[in-house]
Amino acid sequence: MAGILVVEDDEIMATLLGAELESKGHSVRLAFDATKAVVMAQEQRPDLMLLDFRLPTGDGSTVYEVLHKNYPDNMPPVIFISAMEPLNIVPSLPKGPSIRLLFKPIDMRRLQDVMRELLSANNVT
């Protein structure tokens, strides 16, 4: 299954997401701030990232930009997650075919569908 990096500053939510994804057979790593997310993704490229938009030490958009410079032709798909109002987040969201946005609270069935779509497009099961 896929290697997933969950980046979420709410440690309880991150742990619950991680446990749910692991129960589906995925390998999950957790980061709780922007700096750690960049370090972890550079150490081991994930197959997919779940990336909170608002984080300590930066925001999800900045994490994406830094990693995109490191993986210009091989950037992992990213599902941004946020509790912010759509009008506040959409204008600053990176654009691309492997970027999605889901709002909190997260519907796990919808998350699984989006993950399956992005992973299959990148030939990962």
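Could you list, in sequence order, the residues of the range 4-37 that are closer than 16 Å to L67 by Cα and surrounded by fewer than 20 Cβ atoms within 10 Å (Cβ to Cβ)? Hits for the range 4-37 are D33, T35, K36.
Taking (1) under 16 Å from L5 (Cβ atoms); (2) loosely packed, with under 14 Cβ neighbours inside 10 Å; (3) of a type in the set (G, A, S) in turn, S98 satisfies each apart from (2).
Determine if the range 14-23 includes at least one residue that is hydrophobic (A, V, I, L, M, F, W, C), under 23 Å from R116 (Cβ atoms), outside any strand (DSSP E or B) and more than 13 Å from the chain's Cα centre (by Cα).
yes
Would you be able to tell me the number of residues in the range 36-46 that are in contact with a helix residue (DSSP H, G or I) (Cβ under 9 Å, 6 or more places away or on another chain) and under 18 Å from S61 (Cβ atoms)?
Filtering the range 36-46 for residues in contact with a helix residue (DSSP H, G or I) (Cβ under 9 Å, 6 or more places away or on another chain) gives 37-38, 41-42, 45-46.
Add one more test, that the residue is under 18 Å from S61 (Cβ atoms), and what stays is 37-38, 41-42, 46.
Within the range 36-46, residues that are in contact with a helix residue (DSSP H, G or I) (Cβ under 9 Å, 6 or more places away or on another chain) and under 18 Å from S61 (Cβ atoms) number 5.
Checking the structure you have, find out if any residue of the range 55-69 is at pLDDT 90 or above, within 17 Å of M1 (Cβ to Cβ), of a type in the set (V, I, T) and out of contact with any Pro (no Cβ under 6 Å at 6 or more places or on another chain). Scanning the range 55-69 turns up no residue that is at pLDDT 90 or above, within 17 Å of M1 (Cβ to Cβ), of a type in the set (V, I, T) and out of contact with any Pro (no Cβ under 6 Å at 6 or more places or on another chain).
The values are calculated or read from the model by the stated rules, or taken from the named source; none is laboratory data. Every value quoted in this text rests on a predicted model; they were computed, and no experiment measured them. Please note: Cβ atoms are built from the backbone with ideal geometry, for glycine as well, and neighbour counts cover all protein chains shown.
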